[in-house]
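To keep things clear, I will list the structure first and then write my remarks on it.
The values are calculated or read from the model by the stated rules, or taken from the named source; none is laboratory data. Remember, predicted model here, so these are calculated numbers, not experimental data. Every residue, glycine as well, gets a Cβ built from its backbone with ideal geometry; the counts of neighbours run over all protein chains shown. Remember, those area values only see protein heavy atoms, side chains included, never the ligands or the DNA or RNA. Shrake-Rupley method; radii C 1.70, N 1.55, O 1.52, S 1.80 Å.
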Amino acid sequence: MAAPILALKDARITFGGGDLFRDISLGIEPGMRIALVGRNGSGKSTLLKALAGDIELDGGERFVQSGIRVSYLRQQPPVSPGITVHEQVARGLWARAEEGDVGYLVDQMLEGVKLDGARLLDTLSGGEARRVALAEALVSEPDVLLLDEPTNHLDIDTILWLEEELKQFRGALMIISHDRQFLKNLTNRLFWLDRGKLRTHGKGFAAFEEWSEEILRREEVENKKLDKKIAEETEWSHKGITARRARNEGRIRALHRLRAERAERTAPTGNAKLNVKSGEKSGRMVIEARDIAMRFPDANGGEREVLKKFSTRIQRGDRVGIIGPNGAGKTTLLKILLGQLQPTEGSVTLGTNLTPAIFDQHREQLDPDVSLWDTLADPASGQLIVQGEVRHVVAYLRDFLFEEKQAKSPVSALSGGEKNRLLLARLLARSSNLLVLDEPTNDLDMETLDLLQDMLASYDGTLLVISHDRDFLDQLVTSTIVIEADGRASEYVGGYSDYMRARRADGEKTTTAAKPAKAKETADRPAAPRKKLSYKDQRDLDLLPGQIAATESKIAALEAALADPELFARDAAAFNKKAADLTRLQEEKDALETRWLELEILQEEISGG
């Protein structure tokens, strides 16, 4: 085993009057590529800051081997007004000043992150500023690279570029990230910060789920043993404490210690309780876009085309992902599809009875000066209505892992992940049949991300989601709209991996859009084998026969009523309503039978495979 080049011994950090963690010891050795995982608020970023030397320990020691260069990417890199991109990246070369003129490394790095060195930092977008910070961290070719959420606000192309850079990086890595695929592709060690304790594993992130579940299972067994022992000791004390008081005081003290141990035992942090209720059904057709294009005026008095002609038809129950480089027009397309922005060309038709709920990636729906309580509660009544039922604000906040004392705190006091959870809490309190999510995964811990994914999988409405999280898209969407940097948009069946397979099958380069393919045209395209139906598909397959039968009964009753030759003369309004209901039910029956047939075919394919 090699000697550590960067280490902490018995490290303790105090926060808010208590220990965030204590007695943490770890060593980073050459060649280690570590995934640092844990819940939001567990202290991951603080531990990274301690390793970087950004903050002082409240106890313990930090060790750095002589001559070792350590670079650190902060979760929210500082932006200095008036500084150019080139000047900021060059600051990363301070550790190599003794080598003479190495400024050429800055130009090489800026070419990699595709940024103009002459631009000022305060003119950059969030994603561009993060690319500058990445270049600054990488340019010194450090021995240890500490990365805190490096993929946040990056588009997929830049994430892929960063992955390749880090695969070739020869130093040691420690990464905090919610991007599972990124961690799976890059790490060979696991550090899990859980309830103030650091656990380590000699494999990469791909082993985390199985390893962590085994630890929690063993812990549950130990807790049950402790509870049983306490119960036995308590029963003994009740029966014989008077007669044996003098000679058994030691045993009583042991019982008190056991009780104290249970009282101090830190239970696993609960999961956010995410649940969304789809409102009244929308029409079968939700959004139809025909030959839409979008142009904006440019600085030279001309026009910049951000979206070339594109058509799509989104039906009830579809789950559509939207991906593309930052600045390519993903949010613009979303606004056009929702009718919030008029396209330069083409038309958008919205379906009937739509009740959308929209998650804004910039959190503009949150007032930083308003408390969490007032953000959720109705301003007139002070009540919180969650999907039609009155809920206590504090109880609802607990569902999303907030503490009671935070209820009256301002939104500005929250971390990025907490703001996202608060926005989700507000969004999910209302019923909807069209859920629109713009970068929902940023700053969420993996457990909350899992629950969000499960909730969306069981959502009965229509879903539109912009995301750069490849695993999230693969697990969730039924089709993917890809917008290229030149404004071309194409739609593919399936998630991100399906889109990449289609591009490879078309034999085109990574930067070129693959030929659009709709479901009917790609039936024979090889896809990843499925072992079983998804939860929603299996539930639909189980419920559809009953729903079809119930609809047929209603149709039969309406047909019998309309067969009455006197009905129209007696009550024309009733006749017209029954006729309209009959048409609607026949359309619903057709849709149900189509869905059932699709699932039956899919079930047969899976069974045959």
**Asked** Within region 306-326, how many residues turn out to be in a strand (DSSP E or B) and either in contact with a helix residue (DSSP H, G or I) (Cβ under 9 Å, 6 or more places away or on another chain) or closer than 26 Å to N433 by Cβ (or both)?
**Response** 13
**Message:** Looking only at region 115-138, how many residues end up being loosely packed, with under 15 Cβ neighbours inside 10 Å and either free of Cβ contacts under 8 Å to residues at least 12 places away in the same chain or in a helix (DSSP H, G or I) (or both)?
**Reply:** 2
**Request:** Could you list, in sequence order, all residues of region 332-346 that are open to solvent by 50 Å² or more (accessible area, probe 1.4 Å), within 22 Å of G283 (Cα to Cα) and not in a loop (DSSP other than H, G, I, E, B)?
**Result:** K335
**Request:** Being in contact with a Lys or Arg (Cβ under 9 Å, 6 or more places away or on another chain) and either closer than 30 Å to G18 by Cα or in contact (Cβ under 8 Å) with a residue 60 or more places away in the chain (or both) is the filter; apply it to region 196-207 and report the residue that is most open to solvent (accessible area, probe 1.4 Å).
**Result:** T200
**Complete:** K554 passes all but one of the listed conditions (1) at pLDDT 70 or above; (2) open to solvent by 90 Å² or more (accessible area, probe 1.4 Å); (3) in contact with a Ser or Thr (Cβ under 9 Å, 6 or more places away or on another chain); the exception is number (3)
**Request:** Please list, ordered by first then second residue, the pairs with beta carbon atoms under 9 Å, 6 or more apart or interchain, first in region 554-566 and over 18 Å from E587 (Cα atoms), second exposed (fewer than 12 other Cβ atoms within 10 Å of the Cβ) and modelled with pLDDT under 85.
**Result:** D564/R570
**Request:** Please work out which residue is surrounded by the fewest Cβ atoms within 10 Å (Cβ to Cβ), limiting yourself to region 465-479 and to residues that are in contact with a Phe, Trp or Tyr (Cβ under 6 Å, 6 or more places away or on another chain) and farther than 16 Å from L435 by Cα.
**Result:** D474
**Complete:** Considering region 313-331, residues that are closer than 18 Å to E288 by Cβ, more than 20 Å from the chain's Cα centre (by Cα) and not hydrophobic (A, V, I, L, M, F, W, C), and then whichever is surrounded by the most Cβ atoms within 10 Å (Cβ to Cβ), we arrive at G317
**Fill in**
Selection from region 31-83 of residues β-branched (V, I, T) and not in a helix (DSSP H, G or I) yields I34, V37, I55, V64, I68, V70, V79, I83
**Members of region 55-74 that are under 33 Å from the mean Cα position of the chain (by Cα), open to solvent by 50 Å² or more (accessible area, probe 1.4 Å) and not charged (D, E, K, R)** = I55
**Message:** I'd like the residue in region 161-184 that is surrounded by fewer than 19 Cβ atoms within 10 Å (Cβ to Cβ) and not aromatic (F, W, Y) and, out of all such residues, is farthest from D471 (Cα to Cα).
**Reply:** R170
**Asked** Is there any pair linking a residue in region 70-95 that is within 21 Å of M174 (Cα to Cα) to one that is of a type in the set (S, T, N, Q) and in a helix (DSSP H, G or I), with Cβ under 7 Å and at least six apart or on different chains, and which?
**Response** Q75/S45
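Matching residues to (1) loosely packed, with under 15 Cβ neighbours inside 10 Å; (2) farther than 25 Å from D443 by Cβ:
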{"site": "Q76", "(1), (2)": "no, no"}
{"site": "S80", "(1), (2)": "yes, no"}
{"site": "V113", "(1), (2)": "no, no"}
{"site": "S140", "(1), (2)": "no, yes"}
{"site": "L147", "(1), (2)": "no, no"}
**Fill in**
For region 12-54, the count of residues that are surrounded by 14 or more Cβ atoms within 10 Å (Cβ to Cβ), β-branched (V, I, T) and without any contact (Cβ under 8 Å) to a residue 60 or more places away in the chain equals 2
**Request:** Name the single residue, out of those in region 360-389 being β-branched (V, I, T) and at pLDDT 85 or above, that is most open to solvent (accessible area, probe 1.4 Å).
**Result:** V370
**Prompt:** K405 passes all but one of (1) crowded, with 17+ Cβ neighbours inside 10 Å; (2) among the basic types (K, R); (3) over 22 Å from R470 (Cα atoms); which number fails?
**Reply:** (1)
**Asked** Filter region 499-519 for residues that are at pLDDT 70 or above and touching a strand residue (DSSP E or B) at 6+ places or on another chain (Cβ under 6 Å); which is surrounded by the fewest Cβ atoms within 10 Å (Cβ to Cβ)?
**Response** A502
**Asked** Of all residues in region 288-305, which are in a strand (DSSP E or B), out of contact with any Phe, Trp or Tyr (no Cβ under 8 Å at 6 or more places or on another chain), open to solvent by 70 Å² or more (accessible area, probe 1.4 Å) and without any contact (Cβ under 8 Å) to a residue 12 or more places away in the chain?
**Response** P297
**Close pairs (9 angstrom Cβ cut-off, 6 or more residues apart or separate chains): over 21 Å from D590 (Cβ atoms) and assigned to a helix (DSSP H, G or I) in region 523-550, open to solvent by 90 Å² or more (accessible area, probe 1.4 Å) and at pLDDT 75 or above anywhere** = Y535/D454
**Message:** Taking the conditions exactly as written (within 28 Å of N353 (Cβ to Cβ), open to solvent by less than 50 Å² (accessible area, probe 1.4 Å) and of a type outside the set (A, V, I, L, M, F, W, C)), does D454 satisfy them or not?
**Reply:** no
**Item:** Test result for G329, in contact (Cβ under 8 Å) with a residue 24 or more places away in the chain, under 17 Å from E439 (Cα atoms), small (G, A, S) and touching a helix residue (DSSP H, G or I) at 6+ places or on another chain (Cβ under 7 Å)
**Value:** no
